[in-house]
Each structure stands twice: as C-alpha cells, then as structure tokens.
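Asks: Structure in structure tokens, see below.
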Amino acid sequence: GSSGEPEGGRVVWSKIASRWWLIVGIVVILVGCVDLWSVSKGEPLYKARTTLMETSAMLPENSVAPDLELRMANLISMASSQTVQDRSVETLKGMGFAADPRVIVDRAAFRPVANTSILSIEVVWPKPREAKVAADVIAKEVKVFYGEMCDAVARESGKQNARRQSSLKTIDPAYVMPFSPGMRMSRPLVLALVSGVLIGVFVAAVVPRRGQ
C-alpha cells in the first residue's frame, strides 16, 4: 500500500506537468479579467508633454562647458526646484482648476531626451486641458528661473554678455495624449495570479482528458 502512494503522486504530478498550458491559460484569463476590471474602475488619465532646449551651457565667457550629462542634470535640478514649483502653483491658482494646483505640479516629471540638450516636461492628470495648461505653465516658470540664474552668473562674472550665450527655448508647446500606467502588481492582481495557479493545478489534476 505505501509503495503505491509515491507512485500515485508521481502520476498526478506528471499529469499536471503535461497540462501546463491549461494552468497558464487559466492564470492569463484571471489576471486579464482583474486588470480590465481595475482599469474600468479607474479614472482615465492623460499626459501632457512639452519640451525645452538649452542652446548652450550657462557659463561665463572663457569657461569650460560641462559635459552634456552634467548639463542636463543641472537643468533638471533647476526645473524641479522649489522655486519653480511654488511659482507654478501660484500661477495656476488663478486659473480656476477644480483640483489643488500643488497636487498637479507635484505630478510633473522632468526627463532628458537622450543625447540631446532637450528637457521633457510631462504632467499626468485626469483632465486633459488642465494637464496641458499645467505643463505649459511649468515650462514657462522653468524658462524664467533659468534666465534669472543666467543673470546671476553674468553678475558674478562681471560680463553682461554671459546670458546671451545661453537660452532655453520651447521646442513643442504641450500636447496631450491618453496615458496608461500599465499593469501594476496590486493586491487584486496578486490574488488573481495565485488563484489562477491553484485553480489551474486542480483542473489539470482532476478533470479528465477528452476520450478518457
């Protein structure tokens, strides 16, 4: 009797392994249904994107320009500074947004475009018009603050033409597109994944094949 138990177990596991496609199919169906359900419950999101380009490094004359990576890191630091955030919030407050402008500004993301001196500013928000306006306002405040920093460099160097060597210009005004955050491993998705595996194993082990 005891010698038959391991043999029976091997038969069951062999049966399950041979029907792996059934387990995978059940997992995919369950996870897909849960993901569609979570998307349908959520509010649609939109991403507004605008781009700025630095025409030269913000340095006095006869200075050695930093490499591109360092320049872009400095530009992102400036764009995400508290000064730019506070000014953007103050500007947006008078535009009649239903939401708190601080929340919108906090959603802004600053990314360099690879191998260029172009800065991308992105705002993800449920209302497309508000996303676009916020992105444009933030870009404007970045340009203003950049100009002030250039003036400071010019004053420190004692050469007023230092600012003329550097500028930040808009490449594209903000445009809006639908935004999907993609599948995230939330608790419902984890439960669907585990449940799918368990159900799949049970079905593979218990339900007989056709013709049997």
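The values are calculated or read from the model by the stated rules, or taken from the named source; none is laboratory data. Everything quoted here is computed from the prediction, not taken from an experiment. FYI the Cβ positions are ideal-geometry reconstructions off the backbone, even for glycines, and counts take in every protein chain you see. Remember, those area values only see protein heavy atoms, side chains included, never the ligands or the DNA or RNA. Shrake-Rupley method; radii C 1.70, N 1.55, O 1.52, S 1.80 Å.
Asks: Tell me which residues, restricted to the range 154-193, are more than 30 Å from E141 (Cα to Cα), modelled with pLDDT of 75 or more and open to solvent by 80 Å² or more (accessible area, probe 1.4 Å).
Replies: Matches in the range 154-193: L191 only.
Asks: Does V39 count as open to solvent by 90 Å² or more (accessible area, probe 1.4 Å) and at pLDDT below 85? Before you say what the answer is, go through the steps one by one.
Replies: Details: open to solvent by 90 Å² or more (accessible area, probe 1.4 Å): yes; at pLDDT below 85: yes.
Answer is yes for this residue.
Asks: Let me ask something additional. Restricting the range 87-119 to residues that are basic (K, R) and either open to solvent by less than 70 Å² (accessible area, probe 1.4 Å) or more than 22 Å from the chain's Cα centre (by Cα) (or both), which is nearest to I76 (Cα to Cα)? It would help to see each step written out before you state the result.
Replies: Step one: list which residues in the range 87-119 are basic (K, R), which gives 87, 93, 102, 107, 111.
Checking which are either open to solvent by less than 70 Å² (accessible area, probe 1.4 Å) or more than 22 Å from the chain's Cα centre (by Cα) (or both) leaves us with 87, 93.
Working: R87: 16, K93: 24 Å.
Per the criteria, the residue is R87.
Asks: Right, here's the next one. So the check is Cβ under 9 Å with 6+ separation or different chains; which pairs have a first residue in the range 191-202 that's at negative phi and a second one that's in a helix (DSSP H, G or I) and among the acidic types (D, E)?
Replies: Hits for this filter: A192/D35.
Asks: If you don't mind, there's one more thing I want to ask. Examine the range 120-139 for a residue that is open to solvent by 60 Å² or more (accessible area, probe 1.4 Å), within 19 Å of T51 (Cβ to Cβ) and touching a helix residue (DSSP H, G or I) at 6+ places or on another chain (Cβ under 8 Å), and state whether such a residue exists. Talk me through it step by step, then tell me what you get.
Replies: So the first thing to find is which residues in the range 120-139 are open to solvent by 60 Å² or more (accessible area, probe 1.4 Å), and the list is 127, 129, 132.
With within 19 Å of T51 (Cβ to Cβ) added as a condition, the list becomes 132.
Going one step further and asking which of them are touching a helix residue (DSSP H, G or I) at 6+ places or on another chain (Cβ under 8 Å), we end up with none.
Checked against the condition, which is being open to solvent by 60 Å² or more (accessible area, probe 1.4 Å), within 19 Å of T51 (Cβ to Cβ) and touching a helix residue (DSSP H, G or I) at 6+ places or on another chain (Cβ under 8 Å), the range 120-139 yields no hits at all.
Asks: Let me ask another. Given the residues E61, E69, E5, which is the only one that is modelled with pLDDT of 75 or more, of a type in the set (D, E, K, R) and surrounded by fewer than 14 Cβ atoms within 10 Å (Cβ to Cβ)?
Replies: Working: E61 fails: modelled with pLDDT of 75 or more; E5 fails: modelled with pLDDT of 75 or more.
Residue meeting the stated conditions: E69.
Asks: Considering only residues that are open to solvent by 40 Å² or more (accessible area, probe 1.4 Å) and either of a type in the set (A, V, I, L, M, F, W, C) or at pLDDT 80 or above (or both), which ones fall in the range 202-212?
Replies: Answer for the range 202-212, where residues must be open to solvent by 40 Å² or more (accessible area, probe 1.4 Å) and either of a type in the set (A, V, I, L, M, F, W, C) or at pLDDT 80 or above (or both): F202, V206, V207.
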